[in-house]
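A.B. asks: Okay, handing you the structure first.
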Amino acid sequence: MTLTEYLKTFIGRCYIWGGNGTGKTAHGFDCSGFVLEGLVAFGLYNGPDTTAQGLYDHLTKTATWKEGNVDHANDGDLLFFGKSTSKITHVAVALGDGLMLEAGGGGSACKTAATSTGFVRIRPIRKDVVACVYLKK
């Protein structure tokens, strides 16, 4: 099973602000909690629970991850969004063919499943992508 195959098993799970998929947040994810779920499950990340910005900062400082071309994102690459690489607000996983897998569509008001308006989904890559990071082969 690949990272993206694993993460696809969560499609439809609700978006919860601060969610990491555990019982602490009604089994929902926010964007970074969703990506971290996959990275931790595959032994690709052993750091703390963090934001999209914190994840970008951590990965780009390690020798096993490398920045790539956002226009040529491949299946399993991590995509970071925002105004710049110092102002990242969202993270998703590339699927190829201009698509991404994300926990999104919510926001800070989505603190429980009852108030959630977002979910884990596949959608086209957003225009505000500022970085692509991939595991060195």
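A.B. asks: Search region 43-60 for residues that are closer than 13 Å to residue 78 by Cβ and pair each with any residue that is open to solvent by 50 Å² or more (accessible area, probe 1.4 Å) and among the hydrophobic types (A, V, I, L, M, F, W, C) when their beta-carbon atoms are under 7 Å apart and the residues are at least 6 apart or on different chains.
C.D. replies: Taking only residues 6 or more apart or on different chains, the pairs are 44/135.
A.B. asks: Restrict the check to region 80-92 and report whether at least one residue is touching a residue at least 60 places away in the same chain (Cβ under 8 Å) and within 11 Å of the chain's Cα centre (by Cα).
C.D. replies: Looking for residues that are touching a residue at least 60 places away in the same chain (Cβ under 8 Å) and within 11 Å of the chain's Cα centre (by Cα), one finds at least one in region 80-92, hence yes.
A.B. asks: Could you pull out the residue among 21, 68, 28, 82 that is at pLDDT below 95, small (Gly, Ala, Ser) and either under 20 Å from residue 99 (Cα atoms) or open to solvent by 20 Å² or more (accessible area, probe 1.4 Å) (or both)?
C.D. replies: Just one listed residue meets the conditions, 68.
The values are calculated or read from the model by the stated rules, or taken from the named source; none is laboratory data. Since the structure is predicted, the reported quantities are computational estimates derived from the model, not experimental observations. Neighbour counts run over all protein chains shown; Cβ positions are idealised from the backbone, glycine included. Heads up: the accessible areas ignore ligands, DNA and RNA and are worked out on the full protein's heavy atoms, side chains in. Shrake-Rupley method; radii C 1.70, N 1.55, O 1.52, S 1.80 Å.
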